[in-house]
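Report on the following structure.
Laboratory data are not the source of any read-out in this text; all were calculated from the coordinates shown. Remember, it's a predicted structure, so these values are computed and weren't measured experimentally. Using ideal geometry, Cβ is built from the backbone for each residue, glycine included, and neighbour counts are taken over all protein chains shown.
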Amino acid sequence: MGRRKKGDPVNGWLVLDKPLEMTSTQAVGKTRWLFNARKAGHAGTLDPLASGVLPIAFGEATKTVPFAQEGEKAYLFTVRWGVSTTTQDAEGETIAESDVRPDRQAIEDALPAFVGEIQQVPPKFSAIKIDGERAYDLARAGEDVELQSRPVRIDALTLLDMPGPDLAVFEMVCGKGAYVRSVARDLAAALGTEGHVAALRRTRVGSFTLEDALTLDALEDLVHKSAALDALLPVETALDDIPALAVTDGEAFQLRQGRPIVLPPRRASELRDLRTPRLIAGQDYSKAVLAMEGDRAVAIGEARAGKFSPVRVFQWDQEPE
């Protein structure tokens with residue numbers, strides 16, 4: 001008999017409004033403890049000095065984390081002009097200062113250069129790996145970290161407010177891998193001044209929004225009321241842009257065994273028409289389809305040559321891996 005696994009078989013997504021001064025890993029550990037869940041992970045790191053949407057996956061939802069990570073993200077952030085720091089946020093030490101304070105027109109004129117497919121150098125204090133080491137670990141150890149520029153996609157960058165000459169509030173909508181701190185650094189340079197991120201709040205990751213988010217205090221209150229599971233969103237929430245295929249009980253059984261099922265010609269044709277380019281963790285998922293038995297996800301797979309072949313199978317009636 002196998003060893004009994006610790007925790008409860010909790011499945012679903014929690015949208016946490018992550019507080020300041022807590023790492024994403026700490027947030028996962030805290031919520032996993034509150035749910036007494038066997039397995040948990042998050043979809044997109046937030047810095048300790050950032051708050052807002054942190055999607056946390058439990059159980060079978062962890063199989064959909066790569067899809068959530070690819071989702072479009074939205075941020076509200078404040079830039080403080082006149083000071084650059086080692087970390088490009090309020091946590092770092094001052095490394096440069098400037099008396100220049102850009103006005104609204106200058107800022108708005110500079111923004112179009114930061115929208116679209118652009119090249120961006122990530123911050124030295126980031127989670128990017130260099131020869132197996134995190135860049136922020138190397139930077140904190142005093143090593144000279146050199147990161148290469150890489151393409152990122154920024155869909156929108158808007159100036160919302162200027163509370164004073166030293167501060168400017170922005171909203172940014174972007175794809176995976178774009179750094180707010182790099183935008184603040186490069187925007188300040190384009191405006192002939194210094195700058196760093198003074199405040200940062202993530203408002204959306206794909207279909208996960210602040211409207212769905214719970215604070216830790218609210219979640220703890222639900223735990224005390226034995227109602228925490230009511231806060232979870234379905235496992236398939238991260239897959240809302242993938243075509244769905246309704247399957248029968250018999251077909252669902254086959255898929256759970258890892259076997260493909262035959263698609264009727266009309267349904268196969270419909271799924272082909274819904275294909276869109278999609279790279280997930282470097283793999284082509286343009287043919288990805290979500291098989292659903294009623295309102296329960298069965299498998300993520302590929303529809304081709306008149307068949308649906310499972311790639312990731314959800315095992316609801318078995319112990320999680």
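Per-residue packing, averaged as other Cβ atoms within 10 Å, sorts the ranges 306-316, 39-49 into the order 39-49, 306-316, beginning with the highest.
Computed from backbone phi with θ = phi - 60° and the Karplus coefficients 6.51, -1.76 and 1.60, the 3J(HN,Hα) list for the range 44-52 is x, 5, 10, 4, x, 8, 10, 10, x Hz; x is used for glycine and proline.
Between amide H atoms placed 1.01 Å from N, distances below 5 Å from Ala198 occur with Thr78, Val79, Arg80, all of them 5 or more places distant or on a separate chain.
Each residue of the range 64-73 was assigned a 3J(HN,Hα) from its phi angle through the Karplus curve 6.51 cos²θ - 1.76 cosθ + 1.60 (θ = phi - 60°); the sequence is 9, 4, x, 6, 5, 5, 7, x, 5, 10 Hz, with glycine and proline shown as x. Applying the Karplus relation 6.51 cos²θ - 1.76 cosθ + 1.60 with θ = phi - 60° to the range 27-42 yields 3J(HN,Hα) values of 5, 5, x, 5, 6, 4, 5, 4, 8, 6, 8, 6, 9, 7, x, 10 Hz, where x marks Gly and Pro.
Descending by average beta-carbon neighbour count within 10 Å, the peptides 240-252, 68-80, 96-108 line up as 68-80, 240-252, 96-108, the highest first.
In this structure, the amide hydrogen of Thr215, modeled 1.01 Å from its nitrogen in the peptide plane, lies closer than 5 angstrom to those of Asp17, counting only residues at least 5 positions away or on a different chain. Annotation: amide H-H contacts under 5 Å for Ala50 (H modelled 1.01 Å from N, sequence separation of 5 or more, or interchain): Glu21.
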